[in-house]
Amino acid sequence: MLPRPCFLALFSLAVALGQSSGPFRVEKLNYVWSKALHHLQDTGRRERLMTELEKFDNLYLNAKQQDHHGKTIDEMGMIDQKLELLLDRYDLPKTLEAFKRKFKSVNEHIHNTKHDNDVLRKEAFEDSRLEKLWTAAKNADFNAAQLTALYQELKDHEQRLGEYEEGLREHDHREENDIRAEKQGERAKALKDTNKELEENLEHLHSKIVKLKETPFENRKVQELWNTALSNRQFQPHELESIKMELKHFEKQLSKLEFHKEEMGVARELHAGSKNRMSGDVLDDFEERQARMERKLKKLESYLHEKVRHSEL
C-alpha cells in the first residue's frame, strides 16, 4: 500500500486529470475533498483532513444503514452540521460555501417537508380548548420544530387533564359510598389544586402561542431563535430580555453582511472584464472580508442556537 503522502499526491493529480471520482464512498465527501485540495497546500493538513473525512465517510454510511422510521434524515442533518464545523476549523470558507450550495438546500427542503407533513398529520385533541389552541398554532407561521414542541406540551396537558377527570370520578364514587370525611377532604383539596394548575398551564400555553406570533425581529433566522427561547420555560424574564438584546445585535450583523454582499455585487459589475491588477485586488479584498464576516456570524449563530436551547437538554 502506498504511504499516505504519496497517495495524496497521486490522487490530487488524478483529480486534476479527471481520472478519479474520489477516495470516499460518499459523494458529498468526494466533492468536499476535491474543493479543499485547491486551498490546502500543506501536505500535513491535507493528510489530517483526509483522516477526519474518513470518519465522516463511516458516519454517513452507518446513518444510511440504520434507517429506522425516517430517522436517517435527522441523523444526516446532524452529520452535515458537524462537517460544516470541521471545514470551518480548517479555515475553508469557499469549500464550506460550495458544500452548502450543492447539498444543504436540498437536504433542508427534504427534512423540513417531511417534518411539516408529520406534524400537521398529528391526531386531534378531545378537549375543545386544546384543539382550538392547536388549530391556532397550525395556522400561524411556525416551523416544524416549534409545532412539534407545542403539540407535545398540549398532549402532556391533555394527559394530566385525563388523570384529573379520573381522580374526580373516583372522588365522587368514594363520597357516594360514605368514605371517611377526613380523607375525602384531603382528596378534594388535592383535586382543587390540580384544577388550578391545569387552568394556569392552559393560560400559559395560550400566552405562548400569542407571543410566538408576535416577534420584534424581521430576519426569519433571528425570529426562529427568539421563538425557541420563548418556548423554553426554563428562562426567567430577565434572561429573555438579555437574549433579545443579543439577537438584536445578531440581526444587525446579518443586515451588515447583506449590505456587504450587495456592495460586492456592484464591485464585480464595475470591474467585470478588467485585467487591471488593482481591480483584482479590490475583488479579493471584498471576498476576504465577506468570508471573515460569514465565519464570525456562523460562530455567533451556533453560540445563540446553543444558548436558547441549553436548559432544554
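The values are calculated or read from the model by the stated rules, or taken from the named source; none is laboratory data. Fair warning: this is a prediction, and the values are worked out from it, not measured in the lab. Backbone-built Cβ (ideal geometry, glycine too); neighbour counts: all protein chains shown.
In the stretch 196-228, how many are surrounded by 14 or more Cβ atoms within 10 Å (Cβ to Cβ), of a type outside the set (Ser, Thr, Tyr), under 25 Å from Lys132 (Cβ atoms) and at pLDDT 80 or above?
Looking only at that region, the number is 9.
What number of residues within the stretch 203-244 satisfy the criterion of being in contact with an Asp or Glu (Cβ under 9 Å, 6 or more places away or on another chain) and of a type in the set (Phe, Trp, Tyr)?
1
When you go through (1) surrounded by 14 or more Cβ atoms within 10 Å (Cβ to Cβ); (2) within 19 Å of the chain's Cα centre (by Cα); (3) at pLDDT below 80; (4) farther than 23 Å from Val308 by Cβ one by one for Lys122, which number turns out not to apply?
For Lys122, the failing item is (2).
Read through the list (1) without any contact (Cβ under 8 Å) to a residue 24 or more places away in the chain; (2) closer than 21 Å to Ala137 by Cβ, then give the number of the only condition that His238 fails.
Only one criterion in (1) without any contact (Cβ under 8 Å) to a residue 24 or more places away in the chain; (2) closer than 21 Å to Ala137 by Cβ is unmet by His238, namely (2).
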